[in-house]
Structure formats: C-alpha cells, structure tokens
Amino acid sequence: NIALPGINQSHRPQNYIYLPIIILTIIVIISLHCFFRSQTHQIITSLLPDWNHRLLLILDSLAKMLHHPATRIVSSTVARRALTSHAAASISILPERLWAALPTSSSLRSSTGFGWNDINNATFEIKNVGKSITTRGMSTASSTAISNPAMFCRQCEQTQDHVACRTVGVCGKTAETSAMQDALVHTVKSISLWCVAARDAGATAEEMYEANWWTLRSTFSTLTNVNFDEDRIAEFILEGQKVKKNLADLVSEKGGMAPSDEVANVDLSSKSTAELEEYGYTVSVPNLQRTMGNDDCFSLVEVGTYALKGACAYAAHCHQLGYMDEEIMKEIHQAFAKLASSEPDMSGLLGNALKVGEISGKVLKLLDEAHAN
C-alpha cells in the first residue's frame, strides 16, 4: 500500500511493498560485486562458465553507472565495520532520481508500521559523498581504499574508476594473468640489461637476433587482449631465461662486463607457473612505485613502459614482413634497461620517455616501408 509517484492508485497492486525490497536487493548485489569482485568472478565462472564474461561486464557497467557524483552511498564507516566483521556488507549506491521515486518514510510507516529511518538506523546510513568519488589521477594513491589490490592494470582507457582494474580486468583479464604479465615485463627489463651489455661487448646483429625477436614477441603478448594464457606467458618467461643465459655466455666470450643491476640477475628458470605468478605480485605497479618512492618519476616509467609495448607490437609486425632494424632494437633495449632501475632520476626518465617517442616514429617508418615493399 505504498503511494508511488506516477502510479494509478485505483489499479496499483496491494503488495507494492516488494518493489523497494527488490530494488535494494539488486543494489546490494551490485555493491557486493564492487567490493568482492574476485569472489563474484569465481562464483559466476563456476555456475555459468559460458556467460561469466558477459555477466561480469553487465555488473561492472551497472556499478559504474551507479558510481556517479549524483548518488547516495552507504557510510564508509559502517561499510568498513561490516567488511572487518566479514558480514554481508550492504554497500549500496542509489541515483537521486530513483531515491526520489521511493515512498516517503511517513507513507511507508502508515502501511507497514516502520519507516526508512528505522531501516537506516538498523542497517546502514545513507549520505551524499559525491566528493569522495575516485579521481582520475595517474598515481596509485588516487585509487579507492585498497592498499593491496589483487591486480593493478591501467594500460587501457577502460580501467575501473578511470584509475586501474584491481580485481578483474574490464577486458576479462584475471588477477593471475595480470601478475604473470607483470613478471614477463620485468623479465624483458632484465634481459634488456644483458642486451645492452652484449652490444657494448661487440655483439653483432646476427648474434642479437634471438634476443631481439624474443623481446618483441614477449612484450607484444602483454598488450590488452593479445594473450591471456598464463601457461603461454610462463613459456615466454622460461624461454627468456635461456635467452639471458646465452647473452651471458656471449658477454663472457667477448670479454665484456656483466651488468651488476639486481634486476639483471633475477633467475626464474626453475620456477613453476604458480611460483612465477607469485613473483609477479612482487613486481606489480604499486610495489614498483613504492620502491621508487617518487610518483612523478614513476609516472615517466609507466609512460615509457606502455609506449614501448606499442613500439614492440609494431616492430613485431615489421619482423613478420621481413624487416628488423638492429639500431631500433638497440634503442628499445636501452630504453627498457633504463626502466629497470628504481632510481628516481627525473631528467633521465624524461629523456628516456622522449627517446621512446622517437623510437616509435622510427618503427612506424619501418612498418610503412615494409608494407610499401
């Protein structure tokens, strides 16, 4: 017996009280998905394996639609208390228009004996927190209160909250795949240090071919929707360990100097896929940023990393057409070697980012020539 705006009172059903209950239930489901995405991903995957990506995308879209400044959201204090106690947290977000359409406390009390205030006091507090919506800043500090996310991927323009995907990717990438890709990118940096050392020792283009082609394929595989196969990524990493050993032997044969950087000497050759995944979490974006200790410098690291991924993707296409430029590969490895350092070198990292832009121009010129010929 709730009088809702726009409802013909002579024809409205007597049990209309179920409407707000249904609405609140839907909101609670979406809200639980916002805070427990990895769990909902596992549940949906196990129950509906053929529809899991579609349902997750629908939930994500609904969550983002409700995650708007013109909303009312549950008190963060009550939410933290519920999460801490492992209770079923009713973290709900409600658009103003929908809220205005719900019955008033007095009309609800007249028909049921209790009003919205009783519900609020018993379960959660609703208030406007539009100003607390996540900002679009590049720093990981801009993300919502998640100190140790399951993943942190921000290499595409569709990331969660315009910051980063932190439980499962909007593209469908899992936290496990993200960790494996982080481990592979770190491996590329490690091998790049050895490539620089090998060239300094006098290695020829033919001697560098194996490392060059591995670098392009491995880096290309970490781009969005290119390769989400954890076992295949593990193969790239283990193949990279063999490439690094061959480079070390080459440097030694030519009397060169082996790199002393910690990253250069990381050995992942004996690790299983599960162990590589665990290693990936240790070299995630938030962890690398904390290690560097300077957000501005780390932003330059990120710019360089994602730009190099694009350059390597196009360079891989060049190779498929029969073209590989040793000078370009030399500069790619030098750029990755710079990104391997945790030193907050502002001028050096800025110069490196500009250099990567130059590399990209050279790669596109080579690709144009490859297609033309």
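What the table shows:
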read-out	value
Exclusive hit being in a helix (DSSP H, G or I), open to solvent by less than 80 Å² (accessible area, probe 1.4 Å), over 24 Å from Leu288 (Cα atoms) and out of contact with any helix residue (DSSP H, G or I) (no Cβ under 6 Å at 6 or more places or on another chain), set Gly361, Gly357, Gly310	Gly361
Selection status of Lys271, at pLDDT 95 or above and in contact with a Gly (Cβ under 9 Å, 6 or more places away or on another chain)	no
Long-range neighbours under 9 Å by Cβ, at least six apart or interchain, first residue under 14 Å from Thr187 (Cα atoms) and open to solvent by 20 Å² or more (accessible area, probe 1.4 Å) within the range 322-344, second at pLDDT below 95 and part of a helix (DSSP H, G or I)	none
Elements of type helices (runs of 4 or more DSSP H) in the range 205-289, at least 3 residues being touching a residue at least 40 places away in the same chain (Cβ under 8 Å) and within 24 Å of Asp325 (Cβ to Cβ)	205-221, 230-253
The range 345-354: number of residues that are open to solvent by 30 Å² or more (accessible area, probe 1.4 Å), under 19 Å from Val285 (Cα atoms) and part of a helix (DSSP H, G or I)	2
Some residue of the range 274-286 being over 17 Å from the mean Cα position of the chain (by Cα) and either open to solvent by 40 Å² or more (accessible area, probe 1.4 Å) or of a type in the set (Phe, Trp, Tyr) (or both)	yes
Sole exception among (1) more than 22 Å from Cys318 (Cα to Cα); (2) open to solvent by less than 20 Å² (accessible area, probe 1.4 Å) for Ser192, by number	(1)
Pairs with Cβ under 6 Å, 6+ apart, first in the range 345-373 and touching a residue at least 12 places away in the same chain (Cβ under 8 Å), second open to solvent by 90 Å² or more (accessible area, probe 1.4 Å) and hydroxyl-bearing (Ser, Thr, Tyr)	Val363/Tyr314; Leu367/Tyr314
Criterion: touching a helix residue (DSSP H, G or I) at 6+ places or on another chain (Cβ under 7 Å), under 23 Å from Ile359 (Cα atoms) and among the aliphatic types (A, V, I, L, M) - qualifying residue of Leu250, Leu268, Leu339	Leu339
Selection from the range 236-249 of residues that are surrounded by fewer than 20 Cβ atoms within 10 Å (Cβ to Cβ) and either within 22 Å of the chain's Cα centre (by Cα) or over 22 Å from Ala274 (Cα atoms) (or both)	Lys245, Asn246, Ala248, Asp249
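The values are calculated or read from the model by the stated rules, or taken from the named source; none is laboratory data. Since this is a predicted model, take the numbers as computed values, not measurements. Heads up, the Cβs are rebuilt from the backbone with ideal geometry, glycines too, and the neighbour counts pull from every protein chain shown. Just so you know, the surface numbers come from the protein's heavy atoms only, side chains and all, with ligands and any DNA or RNA stripped out. Shrake-Rupley method; radii C 1.70, N 1.55, O 1.52, S 1.80 Å.
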